[in-house]
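Reading through the structure tokens given below for one structure.
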Amino acid sequence: MFIKTYADLEAYEEIFKKSLSKQRIKVLVCGGTGCVAGGSIDIYNELTRLVNENGNLASVDLVKEDEGISVKKSGCHGFCEAGPLVRIEPYNYLYLRVKTEDCKDIFDETIVKGKPVERLMHHENGRLYKTQEDIPFYHKQTRLVLENCGHMDAENIQECIGRGGYKSLIQIFSSMQPKDVCKTIQDSGLRGRGGGGYPVGKKWSQVLSQANPVKYVVCNGDEGDPGAFMDRSIMEGDPHKIIEGMIIAGYAAGAHTGYIYVRAEYPLAVERLKTAIEQAEKYGLLGKNILSSGFDFDLHINKGAGAFVCGEGSALTASIEGERGMPRVKPPRTVEHGLFSCPTVLNNVETFANVPFIISKGVDEYRKYGTKNSPGTKAFALTGNVVNTGLIEVPMGTTLREVVFDIGGGIPDGKRFKAVQIGGPSGGCLTFDESHLDMSLSFDSLKKAGAMIGSGGLVVMNEDTCMVEVARFFMSFTQRESCGKCIPCREGTKRMLEILEKIISGRGTLEDLELLKEIADTVKHTALCGLGKTAANPVLSTLEYFYDEYRSHVVDKICPSKQCKKLMTIEIDSNLCRGCSKCARNCPVNAISGKIKETFTIDAKKCIKCGACIESCAFKAIKEV
Ligand SMILES: Cc1cc2nc3c(=O)[nH]c(=O)nc-3n(C[C@H](O)[C@H](O)[C@H](O)COP(=O)(O)O)c2cc1C
Ligand code: SF4
Ligand code: SF4
């Protein structure tokens, strides 16, 4: 099928929409990486088999109207904590932690009789939530970018077109000049979702104004932050939205070639993008003279090898060119001297995925979401010590309290909320302090608090988390990932890591804290690229908000959260010990001795604090103090 004109695209949209509405029941099995790892492909196969053998399996070709039952592999539904997930429309039932053995019940009860299988549904505080939209995790979200993720077959371009996909191309080709598109994006206030929050329309205008006739559009799908998976989910769940956004960017900036840079550790995202590009080419939505507009645009995928620094713009373009991924000095900036030394629009996956909405619904509609200076929504990967982990999307300006408690369901096991690490290794830690909890999440508010939205990784931590260890963890990551080109980052991250390791092993001093701060400030102000400039953020924010915890480590030699093993002593409570000798038999370094039926003792000099004895004691007589 080749769609030649605007009228054809509109006609096909109607055909596919109608065909979708005719499908009596839609079974959407989550085909995102998390659920696939949990066995969702087997579930998909089993449900397909059951429907095929006992009912009327709808055709995947939407040109044929079909009143059958469709079984689809969708993108991520978001509620990853409870995967594998299966959504059934038109009832909007969401089944959680589904196993292959549950498929028969789902088929017999829901698909045949329309009845819910309650045992597979979400229960919270004694209440049963039948529909996905009622579940508190979803209730406070606003899904614009993720609207299709979990709601359509991620591998079928007809579904995408039937849901309005690629329609914004008609608008830009038929009634907008490139500069009008740049202005619309500028007026929308869209800011880059990859970390920096740079105004997108301004970037596109800067590329448009360059004299060089060869320009490029690059989509940054490197997503190297530990704990982040927003971009992966969009690439897997709605690849056409990214392609559509990139075509619009190409038209606006005068570029005819685009690259999507995806890390090779995202094989499913690469596969779905490949399929989507092939389909878009086949349908005439990529390539020469798209929809007879006279505009040509080709798209390529480039796989990255997984270095965090390759997410930095100039390192990324070097990597696409086949060079070692190392940042370079700026200026010149990417808008002037980007890929193959040509002017380049480089934007993040989620940034491009915002664009079709802005073009098709308009600036005013877009600005209804978010804040004045940070309009729209933001996707976050909510992880850590929170009841509901997963992929969420909320309007900018939503408070941390709403994210952690209303959507995330609070802290599990009755523990106290302690902090949130936001923005990955470049971000910072916010505290349980009311001023942070009620702070609205936006580019500017977070920057003021010493953190950053970053790409959207949001790790919740409970009272058992040691903040010095958190700073050490992120520093060990950035130190490993530093490309080594500039001295402040290469040496500074190493020295900071050494000091943090010294502190958690009980050898730190107050002077070390001063030195740590001094190095952190120096690296921040002198490193060449964003990796080094922001590497100290977790250290600086924890020093600012959790200084007492650092002090306890260096002055009192105590880890208040009881996480730093080297600051612990392990003791046997003589009141509880029965003298059974099990701990002594389990101790790998023979640090425990005693006589049967008498209290055993631990030789602190030999003890390596592995905790094996604590695990082994049936009488809970051994404790870390
Ligand atoms: C070390 C480092 C890693 C980065 N990683 C990413 C990434 O994985 N994805 C991304 O979109 N931006 C990343 N960025 C930001 C990019 O350099 C660039 O600013 C961004 O892709 C521009 O897109 P945006 O304006 O749409 O956010 C990284 C920056 C640095 C310094
Ligand atoms: S700041 Fe770090 S990652 Fe960036 S160029 Fe310097 S050494 Fe490389
Ligand atoms: S395992 Fe527990 S009860 Fe047995 S000797 Fe060790 S501390 Fe005492």
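The amide H of ASP298, built 1.01 Å from its N in the peptide plane, has THR257, GLY258, GLY287 as neighbours under 5 Å, considering only residues 5 or more places off or on other chains. For TYR91, no residue 5 or more places off, or on another chain, has a built amide H under 5 Å of its own.
Taking every protein chain into account, the 1.4 Å probe leaves THR33 with about 50 Å² of accessible area, to the nearest ten.
Cα-Cα over 21 Å: which of LYS22/LYS113; LYS418/LYS533; LYS448/LYS517; LYS415/LYS502; LYS502/LYS562?
On the way: LYS22/LYS113 18 Å; LYS418/LYS533 26 Å; LYS448/LYS517 18 Å; LYS415/LYS502 29 Å; LYS502/LYS562 16 Å.
Where the Cα-Cα span goes over 21 Å, the pairs concerned are LYS418/LYS533; LYS415/LYS502.
In the complete set of protein chains, residue-level accessible area for THR534 is approximately 30 Å², probe 1.4 angstrom. Rg and Dmax of the range 330-411, based on Cα coordinates, read 17.0, 49 Å.
Roughly speaking, what % of Cα-Cα pairs in the range 251-338 are separated by over 20 Å, rounded to a whole number? The partial results should precede the final answer.
Details: 1765 of 3828 pairs.
Value for the range 251-338 (Cα pairs over 20 Å): 46 percent.
Once you sort the root eigenvalues of the Cα gyration tensor of the range 55-189 as a ≥ b ≥ c, which label holds: rounded (a/c under 1.5), prolate (a/b larger than b/c) or oblate (the other case)? Don't jump to the answer; show the numbers that get you there.
Working: a/c = 3.29, a/b = 1.62, b/c = 2.03.
Cα axes put the range 55-189 in the oblate bin.
About its Cα centre, the range 464-562 has a charge dipole of approximately 380 debye under the convention of +1 per Lys or Arg Cβ and -1 per Asp or Glu Cβ, with nothing else charged.
Across the range 542-549, coupling constants 3J(HN,Hα) worked out from phi with the 6.51/-1.76/1.60 Karplus curve, θ = phi - 60°, read 6, 5, 6, 9, 10, 4, 4, 5 Hz, and Gly and Pro carry x.
Of all DSSP beta bridges located in the chain, what percent are antiparallel, nearest 5?
Values: 36 of 65 bridges.
Looking only at bridges with both residues in the chain, the antiparallel portion is about 55 percent.
With charges only on Cβ, +1 for K and R and -1 for D and E, what is the dipole size of the chain about its Cα centre, in debye, rounded to 20?
Details: 79 positive and 78 negative charges, 239 e Å.
Taking the Cα centre of the chain as origin, the dipole is about 1140 debye.
Multiplying the residue separation of LYS606 and ARG333 by 0.36 nm and removing their Cα-Cα distance gives an extension gain of 92.5 nm.
The three principal axes of the C-alpha atoms in the range 313-458 carry coordinate ranges of 55, 38, 26 Å, sorted with the longest axis first.
Shown for the range 1-115: the carbon plus sulfur share of the solvent-accessible area, taken with all protein chains present and a 1.4 angstrom probe, equals 49%. Under 11 Å from a label point set 7 Å out along the Cα-to-Cβ vector of MET1, the amide N atoms of the range 264-283 belong to 283. Rounded to 0.05, the FRET efficiency of the ARG49 and GLU511 pair, given R0 = 56 Å and the Cβ-Cβ distance, is 0.25. Projecting the Cα atoms of THR526, CYS486, GLY450 onto the dipole axis of the range 438-540, where Lys and Arg carry +1 and Asp and Glu carry -1 at the beta carbon, places CYS486 farthest toward the positive end.
Sequentially through the range 411-421, phi angles give Karplus couplings (6.51, -1.76, 1.60; θ = phi - 60°) of 9, x, 6, x, 7, 8, 6, 10, 7, 10, 9 Hz, Gly and Pro residues having no value and appearing as x.
FRET efficiency for ASN125 and SER341, Cβ-Cβ distance as r, R0 = 51 Å, nearest 0.05? Walk me through the numbers on the way to the answer.
On the way: r = 59 Å, r/R0 = 1.16.
That gives a FRET efficiency of 0.30.
Of all the accessible heavy-atom surface of the range 545-610, with the other protein chains kept in place and a 1.4 Å probe, what percent is carbon and sulfur? Answer for the range 545-610 is 47 percent, counting heavy atoms of protein chains only.
Per-residue Karplus couplings for the range 458-475, computed as 6.51 cos²θ - 1.76 cosθ + 1.60 with θ equal to phi - 60°, are listed in order as 9, 9, 8, 10, 9, 4, 7, 8, 8, 6, 5, 5, 4, 4, 5, 4, 5, 5 Hz, Gly and Pro entered as x. For THR398, nonlocal amide neighbours, meaning residues 5 or more places apart or on other chains whose placed amide H falls under 5 Å from its own, are LEU441.
Calculated mean residue ellipticity at 222 nm for the chain: -10500 deg cm²/dmol, from DSSP H runs with n ≥ 4 weighted as -39500 (n - 2.57), summed, divided by the residue count and rounded to 500.
With both labels modelled 7 Å from their Cα along Cα-to-Cβ, the LYS274 to ASP438 distance reads 5.3 nm.
Taking the accessible area of the range 365-458, probe 1.4 Å, and keeping the other protein chains in place, the carbon and sulfur fraction comes to 50%.
Here, P(r) means the percent of Cα pairs in each 5 Å bin from 0 to the largest distance; for the range 145-197 it is 4, 15, 16, 17, 18, 21, 8.
Ordering CYS160, PRO239, CYS613 by Cα displacement along the dipole of the chain toward the positive end leaves CYS613 in first place; charges were set at the Cβ atoms of Lys, Arg (+1) and Asp, Glu (-1). Summed over the residues of the chain and divided among them, the accessible surface reaches 40 Å² per residue at a probe radius of 1.4 Å.
On a C-alpha basis, how far is the centre of the range 249-263 from the centre of the range 48-124 in Å? Whole number, if you could? Each part's Cα centre sits 37 Å from the other's. Computed across the chain, the Kirkwood hydrodynamic radius from all distinct Cα-Cα pairs reaches 26.4 Å.
The values are calculated or read from the model by the stated rules, or taken from the named source; none is laboratory data. Owing to the predicted nature of the structure, the values given are computational and were not obtained by experimental measurement. Please note: Cβ atoms are built from the backbone with ideal geometry, for glycine as well, and neighbour counts cover all protein chains shown. Quick note on the areas: whole protein, heavy atoms, side chains included, nothing else; ligands and nucleic acids left out. Shrake-Rupley method; radii C 1.70, N 1.55, O 1.52, S 1.80 Å.
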